[in-house]
Amino acid sequence: MERLTVNLLGKFCVTSSDGILNDDTIRSDKLTKLFVYIILHRDHTLSVHELAQALWHEEETENPAGALKNLMYRLRNALKGAFGENKYILTSRGFYRWNTDIDVLVDSELFEKYCKDAQDEKNLEKKINFYENGLGIYKGVFMPKIQDLFWAVNLSTYYHSLYVSSVKDIANLYIESGRYADLERIAIEALSHDNVDEELHCYYIESLINQNKLKLALDSYEEAKQTLYKELGVRDSQKLGEVYAKIMSMNKTTRAEGIDDLHDDILEEETSGVFECGYQVFKQIYRLEARKIKRLGIAEFLLLFTVNLIGFEDEDVSTNQLARYKMNQSMQRLEEVLNSSLRMGDVIARYSDSQFVVMLSMCPFECCAIVENRIRDKFFEKQSEAKKVKLKTEVEEISPASSIVK
């Protein structure tokens, strides 16, 4: 019989030239669990007691030997139906074992082997090749449908950790080799499996910076910052901050033939409405305005809008699912109101999960209250649960010594 190829990473599937066995054809999580456990321990015999513990864990079974015998019968029939007549699982005096005459290739084991070989390899190109072969095998979480079993959870954690550490290893090798397109590719793939790892975001942004994709790098920075705050409650990330500083320090790599080239690069496609940006860009605009008003002797003002959820004052919004949902809804409405209520030349940025900061251009103090009230009225006009939300507003004049922007 030809080799069976067993895929356990991302999706369960067993294939050979004779057929295929997967979740749809086996139709039983218990049979899948039994088969996977036997395959992973195919180098030794398995007792009824060990198999019962692996399958049922702490569940009560009146007759584990009988239940196991029934499962074995069904599993053997499933294997025969998919791959033809053969003695796949051998029985001897109450013990079971896989028939070692039937060769098996398991993706998780091959993935681990490639990664271990890469760690031991000294040659740079061979090291990269080992990692690329291994990472190409990883298609997702180890057996996601059987995560109710302790041994499956342990293996899932192990393989995911090995995957992430291997991605970071090869990322550094790509940087060392100047292969930033490959770095971008591997970072995108890794983020599809783990989007809350700060270093993976940094590697992705680093790849964009070094390919001079600065706008995409800046957009990716803002997206990473929001993801890490939303999922982990991390607001001020040192590593992301370092990557942002690198973006801001970058110059164009090509020389402008004339001022028309410069103008075309700077020009915004649409210049209507309020200017919305990330908070890091907002800080730079603020500092420019602070210098300008000092020179011209004019007054401009900063508004800070804070959304508070009534009934959740003592809750951590980032960890309370209902509170986070309500906050996101309110912040989306506030963003819509700010965009529709402010003028061209005004600047807005999201400061935190519950705050927007606004810079009012060429607006005297008397008009700030009018703007504030207009935004408040529109916000609660759109807010379906107005009695459950408070909107706090603070106003401060822009000056080089202002303490509101830190």
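The values are calculated or read from the model by the stated rules, or taken from the named source; none is laboratory data. Every value quoted in this text rests on a predicted model; they were computed, and no experiment measured them. Every residue, glycine among them, receives a Cβ derived from its backbone with ideal geometry; neighbour counts consider all protein chains shown.
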Worksheet item: Which of (1) out of contact with any Phe, Trp or Tyr (no Cβ under 7 Å at 6 or more places or on another chain); (2) more than 18 Å from I398 (Cα to Cα); (3) not hydrophobic (A, V, I, L, M, F, W, C) is the odd one out, the single condition S361 does not satisfy?
Response: (2)
Worksheet item: If you scan the stretch 347-358, which residues turn out to be out of contact with any Gly (no Cβ under 9 Å at 6 or more places or on another chain), touching a residue at least 60 places away in the same chain (Cβ under 8 Å) and surrounded by 19 or more Cβ atoms within 10 Å (Cβ to Cβ)?
Response: V347, I348, V357
Discussion item. If I go through the stretch 99-141 residue by residue, how many of them are crowded, with 16+ Cβ neighbours inside 10 Å, within 22 Å of L46 (Cα to Cα) and in contact with a Phe, Trp or Tyr (Cβ under 7 Å, 6 or more places away or on another chain)?
Written reply: 2
Discussion item. Within the stretch 37-76, take every residue that is aliphatic (A, V, I, L, M) and over 15 Å from R97 (Cβ atoms) and give me the one that is modelled with the lowest pLDDT.
Written reply: A65
Worksheet item: Do we find that V6 is part of a helix (DSSP H, G or I), crowded, with 18+ Cβ neighbours inside 10 Å, in contact (Cβ under 8 Å) with a residue 24 or more places away in the chain and of a type outside the set (G, A, S) in this structure?
Response: no
Discussion item. Can you pull out every residue in the stretch 139-196 that is acidic (D, E), assigned to a helix (DSSP H, G or I) and over 22 Å from S220 (Cα atoms)?
Written reply: E176
Worksheet item: Does K116 satisfy being basic (K, R), in a helix (DSSP H, G or I) and not assigned by TED's automatic domain parsing to the domain that holds V243?
Response: yes
Worksheet item: Do you know which of the residues in the stretch 80-98 that are surrounded by 15 or more Cβ atoms within 10 Å (Cβ to Cβ) and of a type outside the set (K, R) is nearest to R3 (Cα to Cα)?
Response: F83
Response to the item:
Counting only residues in the stretch 227-245 that are among the aliphatic types (A, V, I, L, M) and either under 12 Å from the mean Cα position of the chain (by Cα) or under 28 Å from E315 (Cα atoms) (or both), the one modelled with the lowest pLDDT is identified as V234
Worksheet item: Does V358 qualify as being closer than 25 Å to A290 by Cβ, in contact with an Asp or Glu (Cβ under 9 Å, 6 or more places away or on another chain) and of a type outside the set (D, E, K, R)?
Response: yes
Worksheet item: Is the stretch 50-66 home to any residue that is surrounded by 12 or more Cβ atoms within 10 Å (Cβ to Cβ), of a type in the set (D, E) and free of Cβ contacts under 8 Å to residues at least 60 places away in the same chain?
Response: yes
Worksheet, complete the sentence: Note on the stretch 1-27: residues out of contact with any Gly (no Cβ under 8 Å at 6 or more places or on another chain) and closer than 14 Å to N86 by Cβ are E2, R3, L4, V14, S16, S17, L21
Item to complete: Any residue in the stretch 382-404 that's over 20 Å from E366 (Cβ atoms) and not assigned by TED's automatic domain parsing to the domain that holds C367: show its pairings with residues that are modelled with pLDDT under 60 and among the hydrophobic types (A, V, I, L, M, F, W, C) at Cβ separation under 7 Å, as long as the two are six or more apart or on different chains.
Response: none
